[in-house]
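Each remark here refers to the structure printed beneath this line.
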Amino acid sequence: MDEVYTKLRSLQEILAEKFEIEREIEDIPKILATRTELLNRMKKSYLEKTREYETKGRYIEELRNKAIEAERVREGFEQQMDMIQTQREYEALDKEIKDSGEKEQDLRRDLQREEQLHQEMKVNLEKDETMISKQEEEVQKEQSRIKEAISERSKDLKALEKKEKSITPGLDEEILFKFERIIKSKEGTGIVPIEHGVCSGCHMILSVQFVNDVRRGDGIMFCPYCSRILFNEIEETEEHGEEEEESGDEEEGEGEADSDSEGEGDSDDGGDDEEEDGD
Ligand SMILES: [Zn+2]
């Protein structure tokens, strides 16, 4: 039984790390998603601004034509001056010339102002273009970084899986299955000692009979409250920190099929509280 606990605890470290890496691999592309979203927003706003710029361009063209037309009208009036015969005619024409001249000037002023705005818009668009291409570059870099990071983490994962395979032979499959699920849902801890009759995982008080059952070591016992596997506190007190796998004085035969088959098989005690840790 002790050997099973030892194995499970080594396995727990490996599994916890493995699940952590799996989560990391899942999270890595999220940074890219944010960047891509930013890039898309920039592109969208750039498109909108481009459209505004084009609209402004058409408006300027209109203004320019109107100014040219106003100029033509004024010049027409001015030419009529030569044919003036009366004072009245002169005054009327003079007024027309002034009015059309003012109109022309107004239009030219508008035109100038709009052209200036148009130029500013152009400068802004060029700035945006630079920013967008920079951002695109970033996204590309990020993509290759992600590729690299994922392949790096995948290597770590493979190494852990190899270690895992060196431990699991001889362990009951159903227990392994439950154990993995507990570790996944309980942030990396799937096996904990009983401390003074209390589960050190969830701090619930266990019944005396339960504690005795664990002490007898007939089979793997799961905490009825948190589903973690429980072992007796006295077995190991200084196990934290240095649990070298190959220090092997008390844990031999990691890989080989081992001989403790008496304790396994009938160890389903924790089966009914399984739904508690599903996610
Ligand atoms: Zn518990």
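Here, each number is a calculation from the coordinates, and none is a lab measurement. Note that this is a predicted model, so its numbers are computed, not measured. Neighbour counts run over all protein chains shown; Cβ positions are idealised from the backbone, glycine included.
For this structure, a couple of remarks:
- Value in Å of the Kirkwood radius, where the range 18-167 supplies the Cα pairs that are averaged: 21.5 Å
- Highest to lowest packing among 6-14, 222-230, 198-206, scored as the average C-beta count within 10 Å: 222-230, 6-14, 198-206
- A cut-off of 5 Å between modelled amide H atoms, ignoring neighbours fewer than 5 places along the same chain, links F231 with V192, I194.
- Too-long pairs where the Cα-Cα distance tops 21 Å, listed order kept, from K18/K155; K158/K184; K162/K186; K44/K134; K127/K147; K56/K95: K162/K186; K127/K147; K56/K95
- Centre separation in Å (Cα based) which lies between the range 127-191 and the range 75-110: 82 Å
- Mean Cβ count within 10 Å, highest first, over the residues of peptides 87-95, 101-109: 101-109, 87-95
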